[in-house]
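A.B. asks: Input: one structure, supplied below.
The values are calculated or read from the model by the stated rules, or taken from the named source; none is laboratory data. These numbers come from a predicted model, not from an experiment. Using ideal geometry, Cβ is built from the backbone for each residue, glycine included, and neighbour counts are taken over all protein chains shown. For the accessible areas, the whole protein counts, side chains as well, though only heavy atoms, and no ligand, DNA or RNA atoms are used. Shrake-Rupley method; radii C 1.70, N 1.55, O 1.52, S 1.80 Å.
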Protein chains: 2
Amino acid sequence: MQQMSGGIDRLTAEQMDRADPLAATRDRFALPPGVIYLDGNSLGALPRGVTERVAEVLEAEWGRDLIGSWNTAGWIDLPGRVAGRIAALIGADPDEVAVADSTSVNVFKLLAAAVALRPDRRVIVMEPSTFPTDGYVAASVAQTYGLELRWCDPADPLAAVGADTAVLSLTHVDYRTGRVYDQVQITAGAHAAGALMMWDLCHTAGALPFDLHATGADLAVGCTYKYLNGGPGAPAYAFAARRLHSDLSQPLTGWMGHAEPFEMRRDYVPSAGMRRFQVGTPPIIALSALDAALDAFDGVELAALRAKSLQLTSLFIELVRARTDLEVVTPLDPERRGSQVSLRHPAAYGVAQALIARGVVGDFRTPDIARFGFAPLYLRAVDVWDAVEQLVQVLQDEEYARPAYAVRAAVT
Amino acid sequence: MQQMSGGIDRLTAEQMDRADPLAATRDRFALPPGVIYLDGNSLGALPRGVTERVAEVLEAEWGRDLIGSWNTAGWIDLPGRVAGRIAALIGADPDEVAVADSTSVNVFKLLAAAVALRPDRRVIVMEPSTFPTDGYVAASVAQTYGLELRWCDPADPLAAVGADTAVLSLTHVDYRTGRVYDQVQITAGAHAAGALMMWDLCHTAGALPFDLHATGADLAVGCTYKYLNGGPGAPAYAFAARRLHSDLSQPLTGWMGHAEPFEMRRDYVPSAGMRRFQVGTPPIIALSALDAALDAFDGVELAALRAKSLQLTSLFIELVRARTDLEVVTPLDPERRGSQVSLRHPAAYGVAQALIARGVVGDFRTPDIARFGFAPLYLRAVDVWDAVEQLVQVLQDEEYARPAYAVRAAVT
């Protein structure tokens, strides 16, 4: 295993790990033995402490203290507390973030709010390469409010933004390629056209710094089950800049967004700020898991997180280019790269499956992408080195062509 | 404690419990000692097995098997499996129910679907005494689609339904009074006017039988954290009769409602049936807790559940009327009564707080209602007897007037 490859041998990777200022955060996760997990961009690993926290919520807060826990355990404030922790990771103030519902539902709420803020503009602009749910929901918002959904050229989204544009909505890190938009330049361009700017941070938060304040973004949305490690189907978040709060409205006017939910009034009066993006009764068990998971970020500098992420993706790219002839779809320029690397192969599904059989868990994105995510809190340079070693074997032996890897599973 | 009261002494209550065919289901719950829990209509007690199931999901499925659990642990089908179990409790077929999001979000989806099914009708009718979130969301749906929300007289809702009415939406059991609507007669009346009928079953499912097929209902919604014991903020459900499925559309077009979510197509194609009411990535931890919780209903006949519920509420009413002068707000006619009893007192908040201090947990509903829910799976006749004994003490000593009980908590 100490063989040379592309000028970097495994010993060098080990040395990188010894010098890693984030080396200690790996112990904050319960990682299964024998697995190199390169799919944290789809479902982050289980942080230690989550199981214990959830058990406490179930047995003591729900089981023993029952309904009283809404007050005594602070359940009613849990969405706000978690929102504050996420705000710190995306350059927002605590009261500018709501944690509620799913990304899809929050895209609906935010886009509806956006078009209501620009009633004289009739167009929502989005890139066709967005994660599909954003596009599906944007199309529905456009249909619901009698507007147009305009697809932009992902290489030049501002070209589609004009005086008719209410909001430009882009995903900061492309889920398929890992390409990163220049958030400052694009936000400024949208504003210059009088449009609002909304960012989907699903593949950003927890791996890349994104300063919503510095960017001047108006709206943002994201999930918490990728690099934030909140667990499968964990609650999502929504951001709106405070300067917009007094005029913000959204159509999912559930009781938890009411200014006085327990007064049981007949008419809806929205709560101040982002609390009006709360809808139904908050999912306490899932929120508690997420809250405990966020402990993994305690004391972590976002700049160090980004440096580690780029170290890992750069090493992976360098080794792949040295040892295989696969096309690297992800930008080679670190500035333009998220925390994932995507490789093109005509049998990409088989490549991903053969790697999983070898203990290297990445995933497949239709039609021909094998995708590898690098969660900087728990991956090491040696993991990258070992993963590429396995990839080389899969390619050399053409394992991807085995019949067992031909039939796609229900979830890919 | 064996004193007589209203002709029924505690020994008689004990005899009722010995003859109770549902006596054994109490052991399916982890009930705290020293507490008589009469708030299962707000948050059901913790069923045994939930903690173990959730720990398994966290440690083995998420922690060890990671992303693969979408396939290997069947996460992707979990919403459908849970939907099938809830369907059995509300007289629906498994594919007529979706488990997703919150009640509020599902009210939005279903009312939007309803008005799209009746494009020539411009009115949503709802009772003003509904749980507020239904009304808030209905008002938003009306505003979004340019319709009218018309409040009906709760005593005669059909009087407000006419040729202009797209949908009549009622809550089967009034959350404040426990009054039950005649679901067959009202559904038929709505249909006679050409309107769709939607039922909110939040205070019904798990305590009262409700046969959606026999009723002929079109749509229904409900939460799972009350009598279904799914845990705080557990996912909600939505029902639509199969005869409507081919024409059903709803505006929250997230990827999990797509016919082929993992093909990542740009355009939304709704899945068949109720799967199109799925929106975002399903909340696996919460769904697993709910799935385990529903084990408590295994082998339980709904008729026996209703008989037990009425035995408990009738006993409570009889004892309250014999031993106090409180007004019973809930209908005395068992046919018109849900599984709760509400009492009126000018210091109802203090009454509820004084009882909680004595280990009898009910709750308060503004302005003057002390509300007691009777979860038939885990409550006994002796619990009812003991609760009334404590109530009598609270009233005799005017404990409700103590200053400590004057300040309302954040959540009531």
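A.B. asks: Go through (1) crowded, with 17+ Cβ neighbours inside 10 Å; (2) away from chain B (no Cβ under 14 Å); (3) not in a helix (DSSP H, G or I) one by one and return the number of the condition A:Arg150 breaks.
C.D. replies: That leaves (2) as the condition not met.
A.B. asks: Follow-up. Take residues that are within 14 Å of chain A (Cβ to nearest Cβ) and open to solvent by less than 10 Å² (accessible area, probe 1.4 Å) and tell me which of the strands (runs of 3 or more DSSP E) falling wholly in the stretch B:175-264 contain 2 or more.
C.D. replies: Numbers: elements: B:196-200, B:219-222, B:237-240.
Result: B:219-222, B:237-240.
A.B. asks: For the stretch A:110-131, indicate whether the set of residues that are in contact (Cβ under 8 Å) with a residue 24 or more places away in the chain, within 8 Å of chain B (Cβ to nearest Cβ), in a helix (DSSP H, G or I) and not small (Gly, Ala, Ser) is non-empty.
C.D. replies: No.
A.B. asks: Please enumerate the residues belonging to the stretch A:373-404 that are among the charged types (D, E, K, R), part of a loop (DSSP other than H, G, I, E, B) and closer than 18 Å to A:Ala13 by Cβ.
C.D. replies: Step one: of the stretch A:373-404, the residues among the charged types (D, E, K, R) are A:380, A:383, A:386, A:389, A:397-399, A:402.
When the remaining residues are screened for being part of a loop (DSSP other than H, G, I, E, B), the result is A:380, A:397-398, A:402.
A:Arg380 - this is the single residue of the stretch A:373-404 that is among the charged types (D, E, K, R), part of a loop (DSSP other than H, G, I, E, B) and closer than 18 Å to A:Ala13 by Cβ.
A.B. asks: Name the pairs: first residue in the stretch A:299-312 and modelled with pLDDT of 95 or more, second residue surrounded by fewer than 18 Cβ atoms within 10 Å (Cβ to Cβ), Cβ to Cβ under 7 Å, at least 6 apart or on different chains?
C.D. replies: Listed by first residue and then by second, the contacts come to A:Leu302/A:Pro209; A:Ala303/A:Pro209; A:Ala304/A:Pro21; A:Arg306/A:Pro209; A:Leu310/A:Pro334.
A.B. asks: B:Ala98: more than 7 Å from chain A (Cβ to nearest Cβ), farther than 28 Å from A:Pro32 by Cα, of a type in the set (A, V, I, L, M, F, W, C) and assigned to a helix (DSSP H, G or I), yes or no? Quick ask: steps written out before the conclusion?
C.D. replies: Values: more than 7 Å from chain A (Cβ to nearest Cβ): yes; farther than 28 Å from A:Pro32 by Cα: yes; of a type in the set (A, V, I, L, M, F, W, C): yes; assigned to a helix (DSSP H, G or I): no.
Taking the combined requirement at face value, the residue does not satisfy it.
A.B. asks: For the stretch A:45-57, how many residues meet the condition of being touching a residue at least 24 places away in the same chain (Cβ under 8 Å) and either out of contact with any helix residue (DSSP H, G or I) (no Cβ under 9 Å at 6 or more places or on another chain) or facing chain B (nearest Cβ under 9 Å) (or both)?
C.D. replies: 5
A.B. asks: Determine, yes or no, whether A:Thr144 is buried (at least 24 other Cβ atoms within 10 Å of the Cβ) and outside any loop (DSSP other than H, G, I, E, B). Break it down into steps so the answer makes sense when it comes.
C.D. replies: Working: buried (at least 24 other Cβ atoms within 10 Å of the Cβ): no; outside any loop (DSSP other than H, G, I, E, B): yes.
No.
A.B. asks: Pick from the stretch B:286-318 the residues that are of a type outside the set (Asp, Glu) and outside any helix (DSSP H, G or I): which of them is least open to solvent (accessible area, probe 1.4 Å)? I'd like the intermediate steps shown before the answer.
C.D. replies: Initially, the stretch B:286-318 is screened for residues of a type outside the set (Asp, Glu), giving B:286-290, B:292-294, B:296-297, B:299-300, B:302-317.
This time we only want the ones that are outside any helix (DSSP H, G or I), so: B:299-300.
Values: B:Gly299: 82, B:Val300: 23 Å².
Only one residue fits best here, namely B:Val300.
A.B. asks: Okay, next question. Determine which member of the set A:Leu158, A:Leu170, A:Leu149 is in contact (Cβ under 8 Å) with a residue 24 or more places away in the chain, closer than 27 Å to B:Gly146 by Cα and not hydroxyl-bearing (Ser, Thr, Tyr).
C.D. replies: Values: A:Leu158 fails: closer than 27 Å to B:Gly146 by Cα; A:Leu170 fails: closer than 27 Å to B:Gly146 by Cα.
That would be A:Leu149, the only listed residue that is in contact (Cβ under 8 Å) with a residue 24 or more places away in the chain, closer than 27 Å to B:Gly146 by Cα and not hydroxyl-bearing (Ser, Thr, Tyr).
A.B. asks: Restricting to the stretch A:268-285, give me the number of residues that are assigned to a helix (DSSP H, G or I), open to solvent by less than 10 Å² (accessible area, probe 1.4 Å) and touching a Pro at 6+ places or on another chain (Cβ under 8 Å).
C.D. replies: Of the stretch A:268-285, the ones assigned to a helix (DSSP H, G or I) are A:273-277, A:284-285.
If we keep only those that are open to solvent by less than 10 Å² (accessible area, probe 1.4 Å) too, we end up with A:274, A:277, A:284-285.
Narrowing further to those that are touching a Pro at 6+ places or on another chain (Cβ under 8 Å): A:284-285.
Qualifying residue count, the stretch A:268-285: 2.
A.B. asks: Can I ask one more? Scanning for something without any contact (Cβ under 8 Å) to a residue 12 or more places away in the chain and either assigned to a loop (DSSP other than H, G, I, E, B) or open to solvent by 10 Å² or more (accessible area, probe 1.4 Å) (or both), does the stretch B:329-338 turn up at least one residue? Working first, answer last.
C.D. replies: Taking the stretch B:329-338 first, the residues without any contact (Cβ under 8 Å) to a residue 12 or more places away in the chain are B:333.
If we keep only those that are either assigned to a loop (DSSP other than H, G, I, E, B) or open to solvent by 10 Å² or more (accessible area, probe 1.4 Å) (or both) too, we end up with B:333.
Yes; the residues of the stretch B:329-338 include at least one that is without any contact (Cβ under 8 Å) to a residue 12 or more places away in the chain and either assigned to a loop (DSSP other than H, G, I, E, B) or open to solvent by 10 Å² or more (accessible area, probe 1.4 Å) (or both).
A.B. asks: Restricting to the stretch A:375-391, give me the number of residues that are touching a Lys or Arg at 6+ places or on another chain (Cβ under 6 Å) and open to solvent by 10 Å² or more (accessible area, probe 1.4 Å).
C.D. replies: The number of residues fulfilling the criteria is 1.
A.B. asks: Which of the residues that make up the stretch A:169-216 are in contact with a Leu (Cβ under 9 Å, 6 or more places away or on another chain) and of a type in the set (Gly, Ala, Ser)?
C.D. replies: Residues satisfying the conditions are A:Ser169, A:Gly189, A:Ala190, A:Ala192, A:Ala193, A:Ala195, A:Ala205, A:Gly206, A:Ala207.
A.B. asks: May I ask you to verify whether B:Gly68 is more than 10 Å from chain A (Cβ to nearest Cβ) and in a helix (DSSP H, G or I)?
C.D. replies: no
A.B. asks: So, in the stretch B:353-365, of the ones that are in a loop (DSSP other than H, G, I, E, B) and either over 25 Å from B:Ala205 (Cβ atoms) or aliphatic (A, V, I, L, M) (or both), which residue ends up farthest from the chain's Cα centre (by Cα)? Walk me through it before giving the result.
C.D. replies: If we filter the stretch B:353-365 for residues that are in a loop (DSSP other than H, G, I, E, B), which is where we start, we get B:358-359, B:362.
So of that shortlist, the ones also either over 25 Å from B:Ala205 (Cβ atoms) or aliphatic (A, V, I, L, M) (or both) come out as B:358-359.
On the way: B:Arg358: 26, B:Gly359: 24 Å.
Here the answer is B:Arg358.
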